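The values are calculated or read from the model by the stated rules, or taken from the named source; none is laboratory data. Not measured: the values here are computed from a predicted model. Cβ atoms come from the backbone with ideal geometry, glycine included; neighbour counts cover every protein chain shown. Only protein heavy atoms, including side chains, enter the accessible area calculation; ligands, DNA and RNA are left aside. Shrake-Rupley method; radii C 1.70, N 1.55, O 1.52, S 1.80 Å.
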Amino acid sequence: MSLLVIENLRFQIEEKVLYQGASVVLHHGEHVGVTGANGVGKSTLLKMLQGELLPDSGEIVWQPNIQVGYLDQHLTIDPTLSIYDFMALAYRDLVEVERALNAIYASMSADTSDAVLAKAARLQSQLEAQDFTVSLIVLNRSRLGWVSRRWACKPQWAS
């Protein structure tokens, strides 16, 4: 099932047409980067995706019960925080579950009882149910344009 379907999107601001007949399908596991010069409609697209703006025509359909996060480009962030630390603020509950799981793993050299294994399995299931992974996308400039490389890993948050 598709996470997002955009069909025949049209959006215009005064005389400037930003989108005309735009269509895209995003499937689970795919990642998209939105790039372009100032004024071409990147922020407008993101605002339409979160329902802040409505397209002039066309459809934007999200898979039911999907959660969408949006980080405003003008947000003021503590410059002493790493990206992981900042994201940990948004996923505080899951970060705590991961920390508890890592503590259990560290203690398993001394205790591998059924109770400890069951607790580790329960915490791991919580993280997997939320698809708790971090995807790091690195864009490299090549002769053919932008090339995306994706790594997914379990977060290793700073203490």
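Note down the relative contact order for the stretch 1-52 as a percent, whole number, built from C-alpha pairs under 8 angstrom at least six residues apart.
Contact order relative to length: 30 percent.
Give me the percent of the accessible area of the stretch 1-54 that comes from carbon and sulfur atoms, probe 1.4 Å, all protein chains in place.
The nonpolar share, carbon plus sulfur, comes to 53 percent.
Do you know the relative contact order of the stretch 11-97, to the nearest whole percent, from alpha carbon pairs under 8 angstrom that are 6+ apart?
Once normalised by length, the contact order is 20 percent.
With r as the distance between the Cβ atoms of Leu117 and Ser2 and R0 = 41 Å, compute the FRET efficiency 1/(1 + (r/R0)^6) and round to 0.05.
After rounding to 0.05, the efficiency reads 0.60.
Return the FRET efficiency for the residue pair Ala22, Gln63: r is the Cβ-Cβ distance, R0 is 25 Å, and the value is rounded to the nearest 0.05.
E(calc), rounded to 0.05, equals 0.85.
Give the cross-link partners of Lys16 among the aspartates and glutamates, using a straight C-alpha distance below 16 Å as the criterion and excluding same-chain residues fewer than 8 apart.
Asp56
Using the basic label-point model (7 angstrom from Cα toward the beta carbon), what is the Gln73 to Asp93 distance in nanometres?
3.2
Aspartates and glutamates near Lys119 by alpha-carbon distance under 19 Å, same-chain residues fewer than 8 away left out - which ones?
Asp93, Glu96, Glu98, Asp111, Glu128, Asp131
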